[in-house]
1. For the stretch 48-92, enumerate the residues that are under 17 Å from GLN176 (Cα atoms), free of Cβ contacts under 8 Å to residues at least 40 places away in the same chain and open to solvent by less than 80 Å² (accessible area, probe 1.4 Å).
2. So how many residues does the stretch 149-174 have that are at positive phi and at pLDDT below 90?
3. Could you please find all residues in the stretch 37-47 being out of contact with any Lys or Arg (no Cβ under 8 Å at 6 or more places or on another chain) and either open to solvent by 50 Å² or more (accessible area, probe 1.4 Å) or among the charged types (D, E, K, R) (or both)?
4. So which residues in the stretch 215-233 are at pLDDT 90 or above, outside any loop (DSSP other than H, G, I, E, B) and open to solvent by 40 Å² or more (accessible area, probe 1.4 Å), if there are any at all?
5. Conditions: (1) assigned to a strand (DSSP E or B); (2) within 23 Å of the chain's Cα centre (by Cα); (3) not acidic (Asp, Glu). GLN160 meets all but one. Number of the miss?
6. Restricting the search to the stretch 175-214, which residues are of a type outside the set (Ser, Thr, Tyr), assigned to a helix (DSSP H, G or I) and closer than 12 Å to THR236 by Cβ?
7. Only one of PHE204, PHE153 is open to solvent by less than 20 Å² (accessible area, probe 1.4 Å) and of a type in the set (Phe, Trp, Tyr). Can you tell me which?
8. What are the residues in the stretch 58-111 that are among the small types (Gly, Ala, Ser) and either under 16 Å from TYR167 (Cβ atoms) or touching an Asp or Glu at 6+ places or on another chain (Cβ under 6 Å) (or both), if any?
Amino acid sequence: MNKNFLYSTAILLASLTLGACGSDDNDTPSDNNTPVETNYTVETVSQAPTWQVDWSGNEARPDWQAPNPSDFENWTVMLVELENALKPYATKDDLMAFFVGDELRGLTQPAINVSKNETDACLYVMKVYGNEASQEQLKVTIKYYCSQLKQTFSRSDDIQYNVEEVYGIDESLIPQFTLGSSKYPVVNSLVITAADLPAIDTSFAAGDMLATFVGNECRGTHTFDKDHLSMPVTMTVFGRQEREVYTLKYYNAASQRVYTFSKPF
């Protein structure tokens, strides 16, 4: 089976640009001495911002019922690992379920590390039941309920069902559950180029950050590291509904300045 299982998704791609912005903190005269409107503000801060998407929700724990093995002819096993963004919130009270269509075929809680006699809240070993023949193509959905966040995350894909195969035996399957958040059902991909940030009269450096906001709510972040300092940047932006208006912020670590671009996109 392809180890990229459940990584890909049909998400709404919006290659958006921010439009022209000012190039200084104050209005800059043009060649004919006509003032040009400033499209950003600048704030000096004492420490780096703690920008992050708030994944907390308010959903009740699902009443998923484990399938009856006697109703099925065969089975397979899946080893599933949580993506890094959700690992800090994982607990032993979480659940993971596997569906074929609307039928629940597998249900489990986090795995037990036998050698340490403790729960590994980020790893799942799930037995999935079926009546399908081996190598049949199936439309499947994995759902993960995080008790701490009170939210269900879902990822769907087409797979080839192989009887008694263990998926993820070489390396765990890592579905990108954050792309299937029930809180943020709209997912956009924002491409930012250097031309979108003319106010930034400096090279990007490790520790610099970009973030998108709706009001005061952070909807996506990108942190530059020493190996990836060039533009363009592709940033995932999470939305509650279609056609929301976003604001971009940029943090320059060297100057400890936060640039807020007032022109929405």
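The values are calculated or read from the model by the stated rules, or taken from the named source; none is laboratory data. The structure presented is a predicted model; accordingly, all values stated were derived computationally and were not measured. Ideal geometry is used to build each Cβ from the backbone, glycine not excepted, and the neighbour counts take in all protein chains shown. The area values use the complete protein model at the heavy-atom level, side chains included, leaving out ligands, DNA and RNA. Shrake-Rupley method; radii C 1.70, N 1.55, O 1.52, S 1.80 Å.
1. Within the stretch 48-92, just LYS87 meets the criteria.
2. 2
3. GLU37, THR41, SER46, GLN47
4. Residues satisfying the conditions are GLU217, THR221, HIS222, THR223.
5. The single condition GLN160 does not satisfy is (2).
6. Kept after step one, since they are of a type outside the set (Ser, Thr, Tyr), are these residues of the stretch 175-214: 175-177, 179-180, 183, 185-188, 190-192, 194-201, 204-211, 213-214.
Okay, now just the ones that are also assigned to a helix (DSSP H, G or I), so 177, 179-180, 194-196.
Within the stretch 175-214, LEU179 is the sole residue that qualifies.
7. Details: PHE204 fails: open to solvent by less than 20 Å² (accessible area, probe 1.4 Å).
Within the list PHE204, PHE153, the selection yields PHE153.
8. Selection gives ALA97, GLY106, ALA111.
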